[in-house]
Amino acid sequence: MCECCCTSSLLRNFVSKLMHIVLLHPKQTCSDYLDLAQTHGRKWQRMLQHERDQRLRLEDMVEQLARQLGGLEQAAKEHSIPVRDRSSEFLKCATVSSKKHESHVDTPE
């Protein structure tokens with residue numbers, strides 16, 4: 001074989017391998033990226049679904065607490081003592097308390 005044919009053959013082999021590497025590498029990289037994106041995509045979907053579920057549970061809890069608070073406020077309004085009655089009630093309690101305290105005080109003999 002002549003030197004020209006060997007060089008041509010080597011050159012063709014080199015170009016063929018180079019093209020194979022250049023074309024295969026991006027294809028493999030794209031395939032790796034796609035696998036990674038699909039894996040992480042599923043993880044993100046699960047995480048986002050968990051966040052949505054948690055948000056809905058918290059919204060339900062807030063609504064329930066608001067209803068309970070409304071009920072407690074209504075009950076407090078129904079059982080509240082008007083302000084003028086509270087002051088007279090306080091004075092009555094203070095008077096009764098001081099009389100009890102005076103009756104229980106031991107006098108020195």
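The values are calculated or read from the model by the stated rules, or taken from the named source; none is laboratory data. Since the model is a prediction, treat every value here as computed from it, not as a measurement. Please note: Cβ atoms are built from the backbone with ideal geometry, for glycine as well, and neighbour counts cover all protein chains shown.
Pairs linking a residue in the stretch 56-67 that is assigned to a helix (DSSP H, G or I) to a residue that is loosely packed, with under 10 Cβ neighbours inside 10 Å and among the aromatic types (Phe, Trp, Tyr), with Cβ atoms under 7 Å and 6 or more positions apart or on different chains, do not occur. How about the stretch 23-67: which of its residues are more than 20 Å from the chain's Cα centre (by Cα) and either of a type in the set (Gly, Ala, Ser) or at pLDDT 95 or above (or both)? Within the stretch 23-67, Ser31, Ala37, Ala66, Arg67 qualify.
Ile81 - would you say it is assigned to a loop (DSSP other than H, G, I, E, B) and at pLDDT 65 or above? Outline the logic, then answer.
Numbers: assigned to a loop (DSSP other than H, G, I, E, B): yes; at pLDDT 65 or above: yes.
In short, yes.
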